[in-house]
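Here the structure is laid out as structure tokens; the discussion comes afterwards.
The values are calculated or read from the model by the stated rules, or taken from the named source; none is laboratory data. Here the structure is a predicted model, which means the values were calculated and not measured. So basically every Cβ, Gly included, is an ideal-geometry build from the backbone, and we count neighbours across all protein chains shown. For the accessible areas, the whole protein counts, side chains as well, though only heavy atoms, and no ligand, DNA or RNA atoms are used. Shrake-Rupley method; radii C 1.70, N 1.55, O 1.52, S 1.80 Å.
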Amino acid sequence: MLASRQLRGIAQSRALGSASLGVRRMATVGDSPLDRKQNIWEENNFINYKKMSENLAVVRQRLNRPLAYAEKILYSHLDDPHGQDIERGVSYLRLRPDRVACQDATAQMAILQFMSAGMPSVANPTTVHCDHLIEAQIGGAKDLERAISINKEVYDFLASACAKYNIGFWKPGSGIIHQILLENYAFPGGLLIGTDSHTPNAGGLGMCAIGVGGADAVDVMANLPWELKAPKVIGVKLTGKMSGWTTPKDIILKVAGITTVKGGTGAIMEYHGPGTETISCTGMATICNMGAEIGATTSVFPFNDRMYDYLSATKRKDIGDFARTYAKELREDQGVEYDQLIEINLSELEPHINGPFTPDLATPISKFSAAVKANNWPEELKVGLIGSCTNSSYEDMSRAAAIARDALDHGLKSKAVFTVTPGSEQVRATIERDGQLQTFEEYGGVVLANACGPCIGQWDRRDVKKGEANSIISSYNRNFTGRNDGNPATHSFVASPDLVVAMTVAGSLHFNPLTDKLKDKDGNEFMLAEPTGHALPALGYDPGQDTYQAPPADRATVSVAVSPSSDRLQVLSPFAPWDGKDATDLPILIKCKGKTTTDHISMAGPWLKYRGHLDNISNNMLIGAINEANGEANKVKNFTTGEFDAVPAVARDYKKKGIKWVVIGDWNYGEGSSREHAALEPRHLGGLAIITRSFARIHETNLKKQGMLPLTFSDPADYDKIKPDDKVDILCTELEVGKPVTMVVHPKDGKPFEIKLSQTFNASQIEWFKNGSALNTMAKKNAA
């Protein structure tokens, strides 16, 4: 929607004109007297709503229909609004995002790829945020100190690379990427891509923020148009007003229960209706953040006064004023038609708890105790965790602290282990100043570092043994098997911070704070008061410690060193191009049974330290996937030896022997994180194709970017016809836009038969496959 580009090279861009950037131009101060700086950190990046209006006028004339707000953002960021084919769910849009953001785990690979492109600087505003590599162990300060020591090589690489390539760098301890973006960079109507699946958090400020793999980020960093299949738009109409124990988190927990984990795939969730006016900006961000759990491309709220208040509180009142000038275009058109409509009356919405093992198993609090008993879930609550990128706002913390204070006033402390993860240094410093942090500590809480921590498995948990069934509840967003603590027997539930704290007071999953009484220190019964809090701090935000590193004025002398002997970082070598032939007699490395998330394909936790070293991290490829042949994880048969071994070991053996292989997957394969390592690893270890019933959006794109074939059974029932010891032929020469590809199956005992496989490649993506990867394609064009 908004042209926002860096000012250097303006003369060149004007000389090249539309030949270099389609019909879009770099925004400059001179283009419009209404330009505003994007943020306080960057001098030369501007918001240009004038250009938004011009692009929208072109698209409106062509489509001649009311537009959803999500459409307005996307279509006004088109590389060519005059010529772009536009059809929801069909067309591939070529877009010009305003910004790129990378977290430290994915930034390593993204920057390594960008370095191979040979450019002196990123072409679009980019930031890197150090939040993923800090393990929760003892407490905030000591954990941060330990992480800086352990990850020094990676942090030094990122800091020097950011300085070299004109990238803003947020140091360890600054906070979680999504909170930093909301506090500093998000703005209404903007388009941002981020190398993390919860990037949609910025939708709470009316921004279209989309999670992508690192290769997509590299495209935008290198000033190439970014491709996205035109999403459908699912409308969520909110009426009424929340009260009592109901929070914004309960809205998305309810929506997840309605749509399931794959219900939002290929669509943007667009919230609208009078209920949106009653939710705080950070509450809206919570809802958008967890839209990733239903597979949505992103989620977005229309610009309103709550966003204006948040912009003002975070020193961006001028952007709020600017947005008000163009407010008509920062919301849906009257009469817009959504592809699907969900309606929720907030006045009737009950608090929810979702889980275990999946974020879409939604249970209202009134029915949760019965569900615990019926399903034989462990009743004792072992750990309660609040914070994370989803729920660590000032409002979240002040409401949670009010509950903790209520318990303390009755002589009670947490019966469960209780942890608090501030989302940013700004939030941590502010709640320290205003007393909430002290309340949590009095209550028995451990305050962790301003980082992702247990939410992504960065948790050195020691209170239970691996394999021991237990229950934990968090205000996080994702609760797949083993995700938080690496223990597959941990029953992880997701709820609002309010319910998490209330549950820790009782120490039991059967407790319902809306109806149940507790006993104080003297044995007297009482009920917890309904939580209260403030959306914004009355005294303003305390920024805390300065943790931002701006790129230096002189970048020519900055060097980026990667040691050849490093086990953390590895310079990438190009993948081999396609040989132009059909692939025959391929073994099935593994036939995955059931849910196969990116956590199953490329685990996080202790493996995060290898995110910059492709060969080392490939040792975790598919070790969490369940093999249909034996019902076990990380145990597959090597057809050349007849022996069972770990999945990566068998893949390496096949690669050594020159044998390509395929993976067979179930529904929504690759759901969860945006991590492109889940696509890089199978490519690196010699895989050719991943064949599934269906894919999660980001993972499918990531596979294409790395030169692999993501294919789906045209008839999903054909999944059941494949046996793990079958061999297959993939007729790669049939790969054409819109046409199926034939797979010939050779059963171990029986006659060969054919199965049709569907694919979503467009013409440029087919070139990625032919050239070996999207990066190879970019290098080939640059060389020409």
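Taking all pairs of different Cα atoms in segment 345-455, averaging 1/r and flipping that mean, what Kirkwood radius in angstroms comes out?
Values: mean 1/r = 0.0648 Å⁻¹.
That comes to 15.4 Å for segment 345-455.
Think of the chain as a dipole: +1 on every Lys or Arg Cβ, -1 on every Asp or Glu Cβ, centred on the Cα centre; then among Met207, Val236, Tyr310, Met207 lies furthest on the positive end. Averaging the sequence gap over all C-alpha pairs within less than 8 Å and six or more residues apart, then dividing by the number of residues, gives the chain a relative contact order of 12 percent.
Before anything else, pin down the relative contact order of segment 227-364: Cα pairs under 8 Å, at least 6 apart, normalised by residue count, whole percent.
On the way: 240 pairs, mean separation 53.1, N = 138.
RCO, segment 227-364: 38 percent.
For semi-axes √(5λ) of the Cα gyration tensor in Å, which listed value, (1) 110, 27, 22; (2) 40, 37, 24; (3) 38, 33, 26, comes from the coordinates shown? Given (1) 110, 27, 22; (2) 40, 37, 24; (3) 38, 33, 26, the structure-derived one carries the label (3).
Per residue and in cubic angstrom, what volume does the convex hull of the Cα atoms of segment 409-510 have? Mind dumping the intermediate values first?
Numbers: hull volume 10.3 nm³, N = 102.
Convex hull of Cα atoms, per residue: 101 Å³.
Please give the FRET efficiency for Ile40 paired with Ser559, using the beta carbon to beta carbon distance and R0 = 25 Å, rounded to the nearest 0.05. With a Förster radius of 25 Å, E is 0.30.
Filter the chymotrypsin sites (Phe, Trp or Tyr not before Pro) in segment 159-258 down to the DSSP loop ones having no more than 14 other Cβ atoms within 10 Å, then list what survives.
none
Neighbours of Pro543, meaning other residues whose beta-carbon lies under 13 angstrom from its beta-carbon, give a summed charge of -2 when Lys and Arg score +1 and Asp and Glu score -1.
If R₀ is 60 angstrom, what is the calculated FRET efficiency for the pair Ser160 and Asp522, using the beta carbon separation as r and rounding to 0.05?
On the way: r = 60 Å, r/R0 = 1.01.
According to the calculation, E is roughly 0.50.
Considering only protein heavy atoms and a probe of 1.4 Å, how much of the accessible area of the chain is carbon and sulfur, as a whole percent? Kindly include the intermediate steps, with their values, before the conclusion.
Details: 13690 of 27340 Å².
Within the chain, the accessible surface is 50 percent carbon and sulfur.
Here segment 698-739 is treated with +1 on each Lys and Arg Cβ and -1 on each Asp and Glu Cβ, and its dipole about the Cα centre works out to around 220 debye.
Summarising the label geometry, the points placed 7 Å from Cα in the beta-carbon direction at Lys581 and Val737 lie 2.9 nm from one another. Bridges between two residues of the chain, per DSSP, are antiparallel at a rate of about 40%.
How big is the charge dipole of segment 463-552 about its Cα centre, in debye rounded to the nearest 20, if each Lys and Arg gets +1 on its Cβ and each Asp and Glu gets -1 on its Cβ? Write out the running numbers ahead of the final one.
Working: 7 positive and 11 negative charges, 80 e Å.
Dipole size: approximately 380 debye.
For segment 59-154, what relative contact order do you get, as a whole percent, if you take Cα pairs closer than 8 Å and at least 6 residues apart?
21 percent
Helical content alone sets the calculated 222 nm signal of the chain at -8500 deg cm²/dmol, taking -39,500 (n - 2.57) per DSSP H segment of four or more residues and averaging over every residue. Taking all protein chains into account, the per residue accessible area for segment 49-144 stands at 29 Å² (1.4 Å probe).
Farthest towards the positive end of the charge dipole of the chain, among the residues Gly453, Ile344, Leu586, is the Cα of Leu586, using unit charges on the Cβ of Lys, Arg, Asp and Glu. If you find the alpha carbon centre of segment 278-305 and of segment 190-236, how far apart are they in angstrom? Using only Cα atoms to place each centre, the spacing works out to 14 Å. Note on Gln545 and Glu343: the extension gain reaches 68.4 nm, defined as 0.36 nm multiplied by sequence separation minus the Cα-Cα distance. In this structure, the amide hydrogen of Arg478, modeled 1.01 Å from its nitrogen in the peptide plane, lies closer than 5 angstrom to no residue at least 5 positions away or on a different chain.
Basic side chains Lys and Arg get +1 at the Cβ, acidic Asp and Glu get -1 at the Cβ, and with that the dipole of the chain about its Cα centre reaches some 1460 debye. Each residue of segment 167-172 was assigned a 3J(HN,Hα) from its phi angle through the Karplus curve 6.51 cos²θ - 1.76 cosθ + 1.60 (θ = phi - 60°); the sequence is 10, x, 10, 9, 6, x Hz, with glycine and proline shown as x. Volume per residue of the convex hull around the Cα atoms, evaluated for segment 395-452, comes out as 70 Å³.
Exceeding 18 Å between C-alpha atoms, which entries from my cross-link table qualify? They are Lys72/Lys704; Lys241/Lys315; Lys705/Lys781; Lys232/Lys756; Lys152/Lys705; Lys657/Lys723. All intermediate terms of the calculation are to be shown ahead of the outcome.
Numbers: Lys72/Lys704 27 Å; Lys241/Lys315 28 Å; Lys705/Lys781 16 Å; Lys232/Lys756 26 Å; Lys152/Lys705 30 Å; Lys657/Lys723 23 Å.
Where the Cα-Cα span goes over 18 Å, the pairs concerned are Lys72/Lys704; Lys241/Lys315; Lys232/Lys756; Lys152/Lys705; Lys657/Lys723.
Taken one residue at a time, the phi angles of segment 452-461 give Karplus couplings (6.51, -1.76, 1.60, θ = phi - 60°) of 5, x, x, 4, 10, x, 8, 8, 8, 7 Hz. Gly and Pro are set to x.
Between Ala371 and Arg146, what length in nm is gained on full extension when 0.36 nm per residue of separation is reduced by their alpha carbon distance? List each step's numbers first, then the result.
Numbers: separation 225, 0.36 × 225 = 81.00 nm, distance 4.09 nm.
Going from the current span to full extension adds 76.9 nm.
Sorted from largest to smallest, which semi-axis lengths in Å does the alpha carbon gyration tensor of segment 107-208 give for its equivalent ellipsoid, taking the root of 5 times each eigenvalue? Could you put the intermediate results ahead of the total?
On the way: eigenvalues 110, 84, 20 Å².
Its equivalent ellipsoid spans semi-axes of 23, 20, 10 Å.
Counting charges near Ser369 (Lys, Arg +1; Asp, Glu -1) among other residues having Cβ under 12 Å from its Cβ returns a value of 0.
Roll a 1.4 Å probe over the protein chains and send me the accessible area per residue for segment 362-405 in Å². Before the final figure, lay out each step's value.
On the way: 1470 Å² over 44 residues.
Accessible area per residue, segment 362-405: 33 Å².
Positive-end ranking of Leu499, Leu509, Phe480 along the dipole of segment 401-547, with charges on Cβ about the Cα centre, is headed by Phe480.
Using the Cβ-Cβ distance between Asp749 and Lys770 with R0 set to 30 Å, the FRET efficiency from 1/(1 + (r/R0)^6) comes to roughly 0.25. The alpha carbon gyration tensor of segment 518-653 gives principal lengths a ≥ b ≥ c with a/c of 1.5 or higher and a/b no greater than b/c, which makes the shape oblate. In this label model, Asp321 and Arg433 are separated by 2.3 nm, measuring between points 7 Å along each Cα→Cβ vector.
Whole number please: convex hull volume per residue of the Cα set in segment 202-335, in Å³?
Numbers: hull volume 18.2 nm³, N = 134.
Spelled out: Cα convex hull of segment 202-335, divided by residues, is 136 Å³.
The length gained by stretching the chain between Gln334 and Ser714 to full extension, at 0.36 nm per residue less their Cα-Cα distance, is 133.0 nm. Rolling a 1.4 Å probe over the protein chains gives Leu192 an accessible area of about 0 Å². Using a simple spin-label model with pseudo-atoms 7 Å out from Cα toward Cβ, Lys657 and His82 lie 5.8 nm apart.
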